């Protein structure tokens with residue numbers, strides 16, 4: 001076994017240096033073993049798994065590791081900016097065993113009500129509307145004007161959120177994921193929006209996913225309902241935004257697209273899959289905690305110690321291995337959706353949203369190009385995500401015409417209700 005020595009001091013996974021070059025950080029971390037100490041916020045350390053096989057083993061090992069953070073949480077400052085992401089709440093993400101199964105069933109059953117063909121039609125219509133708002137100018141910021149706003153339409157529709165509260169949800173999710181100053185306040189405002197929504201649906205049910213969760217056989221109380229909704233939204237909005245943005249950037253900068261987004265050799269599906277391997281929208285997360293002092297892949301871990309999985313590092317490390325060594329065994333063998341019992345339950349809706357968003361963009365603005373050199377693009381600092389701050393592009397201006405009404409059988413994003421089989 002190769003002896004590994006820890007780095008002189010833990011590398012910081014926050015700030016502009018990490019955001020600008022995460023893979024450089026991952027390479028340095030791998031020199032010190034499959035798990036390495038890192039700092040995710042001032043005064044907060046974790047062990048980061050950068051090895052693909054170690055990541056797979058950890059994600060599937062419910063005997064050695066727990067998802068409950070409360071013992072670890074008691075050891076860090078209560079105002080730490082990472083607590084809005086990692087702090088305990090009664091959700092599927094922070095539970096084991098029967099509690100996890102109860103929450104997970106409620107989430108899975110709710111997401112199963114989303115009809116794929118209706119979702120695709122709604123996303124396409126919303127994408128056309130958003131593109132129409134800036135298509136005539138010949139320039140746009142594809143994060144602020146497109147990728148950030150498109151998943152919001154889905155949540156407004158399916159959960160029955162008041163459209164006027166949409167920006168508060170987006171700001172709340174973004175603030176908590178940045179894990180910097182103001183993260184706690186951003187998360188609290190996000191929770192307030194959903195709490196008021198749940199209280200309203202408890203009194204006046206409608207045909208939306210919020211009402212369905214309140215009547216699910218899991219018998220969630222109001223706080224549990226709020227927490228499952230905030231989990232689904234936070235796990236769905238920022239990562240989907242990042243997946244859309246990172247995939248479009250990949251298409252704009254990879255020569256295989258031959259300068260034409262619409263007529264290049266690579267498809268949106270291929271771009272998304274490559275991004276999920278190379279720049280997964282959630283780069284470092286999947287928090288786990290050893291149930292007892294243990295040794296894992298040659299590294300000693302303390303009971304209750306925070307261990308994170310670097311999906312970004314594990315994926316790119318896997319690309320250098322042969323299949324016999326545990327490397328890629330297929331196009332979907334990446335860990336961007338996690339693995340094991342806590343694998344992302346919203347994979348298919350998220351892929352459908354991202355695919356539709358990219359197809360709509362490339363079909364309408366097929367000559368788009370970056371408006372700045374790629375090395376001038378800014379990435380949002382934060383230990384957990386891989387997220388562009390902006391994506392400025394230029395293109396041939398389009399003549400825009402007034403949007404037509406929604407297709408028959410499709411829910412409108414403003415004032416419409418999703419057609420789901422609630423209560424049947």
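Determine which single condition residue 70 fails, assuming it passes every other condition in (1) in contact with a strand residue (DSSP E or B) (Cβ under 6 Å, 6 or more places away or on another chain); (2) without any contact (Cβ under 8 Å) to a residue 60 or more places away in the chain.
Tallying (1) in contact with a strand residue (DSSP E or B) (Cβ under 6 Å, 6 or more places away or on another chain); (2) without any contact (Cβ under 8 Å) to a residue 60 or more places away in the chain, residue 70 fails exactly one: (1).
Name the residues in segment 213-224 that are touching a residue at least 24 places away in the same chain (Cβ under 8 Å), surrounded by fewer than 23 Cβ atoms within 10 Å (Cβ to Cβ), in a helix (DSSP H, G or I) and in contact with a helix residue (DSSP H, G or I) (Cβ under 7 Å, 6 or more places away or on another chain), would you?
Matches in segment 213-224: 222 only.
Taking the condition of being in a loop (DSSP other than H, G, I, E, B), in contact with a helix residue (DSSP H, G or I) (Cβ under 6 Å, 6 or more places away or on another chain), under 19 Å from residue 134 (Cβ atoms) and at pLDDT 85 or above, how many residues in segment 369-410 meet it?
4
Given 261, 301, which one is farther than 17 Å from residue 384 by Cα, crowded, with 23+ Cβ neighbours inside 10 Å and either at pLDDT below 95 or in contact with a strand residue (DSSP E or B) (Cβ under 6 Å, 6 or more places away or on another chain) (or both)?
Values: 301 fails: crowded, with 23+ Cβ neighbours inside 10 Å.
Within the list 261, 301, the selection yields 261.
What's the number of the only condition in (1) in a helix (DSSP H, G or I); (2) within 29 Å of residue 41 (Cα to Cα) that residue 181 fails to meet?
All conditions are met except number (1).
Count, please, the residues in segment 5-32 that happen to be part of a loop (DSSP other than H, G, I, E, B), surrounded by fewer than 22 Cβ atoms within 10 Å (Cβ to Cβ) and touching a strand residue (DSSP E or B) at 6+ places or on another chain (Cβ under 8 Å).
Within segment 5-32, the first condition is being part of a loop (DSSP other than H, G, I, E, B), and the residues that meet it are 5-10, 13-15, 21, 31-32.
Narrowing the set further to residues that are surrounded by fewer than 22 Cβ atoms within 10 Å (Cβ to Cβ) leaves 5-10, 15, 21, 31-32.
Next cut, touching a strand residue (DSSP E or B) at 6+ places or on another chain (Cβ under 8 Å) only: 6-7, 10.
Number of matching residues: 3.
Can you confirm whether residue 352 is on the phi < 0 side of the Ramachandran plot, touching a helix residue (DSSP H, G or I) at 6+ places or on another chain (Cβ under 9 Å) and at pLDDT 95 or above?
On the way: on the phi < 0 side of the Ramachandran plot: yes; touching a helix residue (DSSP H, G or I) at 6+ places or on another chain (Cβ under 9 Å): yes; at pLDDT 95 or above: yes.
Answer is yes for this residue.
Please verify whether segment 123-140 includes one or more residues that are at pLDDT 95 or above, farther than 29 Å from residue 394 by Cα and surrounded by fewer than 23 Cβ atoms within 10 Å (Cβ to Cβ). I'd like the intermediate steps shown before the answer.
Of the residues in segment 123-140, the ones at pLDDT 95 or above are 123-140.
Retained after the next criterion (residues that are farther than 29 Å from residue 394 by Cα): none.
Looking for residues that are at pLDDT 95 or above, farther than 29 Å from residue 394 by Cα and surrounded by fewer than 23 Cβ atoms within 10 Å (Cβ to Cβ), one finds none in segment 123-140, hence no.
Kindly provide the set of residues from segment 33-67 that are part of a loop (DSSP other than H, G, I, E, B) and surrounded by fewer than 18 Cβ atoms within 10 Å (Cβ to Cβ), ordered by number. Break it down into steps so the answer makes sense when it comes.
Our first condition is that a residue be part of a loop (DSSP other than H, G, I, E, B); within segment 33-67, this holds for 33-34, 42-43, 50-51, 61-64, 67.
Those that are part of a loop (DSSP other than H, G, I, E, B) and surrounded by fewer than 18 Cβ atoms within 10 Å (Cβ to Cβ): 42, 43, 61, 62, 63, 64.
Quick one: count up the residues across segment 343-370 that are buried (at least 18 other Cβ atoms within 10 Å of the Cβ) and in contact with a strand residue (DSSP E or B) (Cβ under 7 Å, 6 or more places away or on another chain).
Here the count works out to 1.
So in segment 1-36, with the set limited to residues that are farther than 20 Å from residue 316 by Cβ and over 23 Å from the mean Cα position of the chain (by Cα), which one is modelled with the highest pLDDT?
Of everything passing the filter in segment 1-36, 10 is modelled with the highest pLDDT.
At pLDDT 95 or above and over 22 Å from the mean Cα position of the chain (by Cα), is that true of residue 63?
Values: at pLDDT 95 or above: yes; over 22 Å from the mean Cα position of the chain (by Cα): yes.
Taking the combined requirement at face value, the residue satisfies it.
Quick one: is residue 180 within 18 Å of the chain's Cα centre (by Cα), closer than 30 Å to residue 16 by Cβ and at pLDDT 95 or above?
No, not satisfied.
With the condition kept exactly as written, say whether any residue in segment 276-297 is modelled with pLDDT of 95 or more, crowded, with 23+ Cβ neighbours inside 10 Å and part of a helix (DSSP H, G or I).
Within segment 276-297 (the criterion being modelled with pLDDT of 95 or more, crowded, with 23+ Cβ neighbours inside 10 Å and part of a helix (DSSP H, G or I)), the answer is yes, since at least one residue qualifies.
Working only within segment 90-146, note down all residues that are more than 17 Å from residue 355 (Cα to Cα), in contact (Cβ under 8 Å) with a residue 12 or more places away in the chain and not in a helix (DSSP H, G or I).
The answer is 90, 91, 95, 96, 113, 138, 139, 140, 141.
All but one of (1) touching a residue at least 24 places away in the same chain (Cβ under 8 Å); (2) surrounded by fewer than 22 Cβ atoms within 10 Å (Cβ to Cβ) hold for residue 84; state the number of the condition that does not hold.
Every listed condition holds for residue 84 apart from (2).
Among the residues of segment 378-392, what is the count of those that are surrounded by fewer than 23 Cβ atoms within 10 Å (Cβ to Cβ) and more than 23 Å from residue 11 (Cα to Cα)?
2
Hey, among 201, 168, 227, which residue is over 21 Å from the mean Cα position of the chain (by Cα) and either more than 26 Å from residue 16 (Cβ to Cβ) or assigned to a helix (DSSP H, G or I) (or both)?
Values: 168 fails: over 21 Å from the mean Cα position of the chain (by Cα); 227 fails: over 21 Å from the mean Cα position of the chain (by Cα).
Just one listed residue meets the conditions, 201.
The values are calculated or read from the model by the stated rules, or taken from the named source; none is laboratory data. Everything numeric in this text was worked out from a predicted model, so none of it was measured. With ideal geometry, Cβ positions are generated from the backbone for all residues, glycine too; neighbour counts draw on all protein chains shown.
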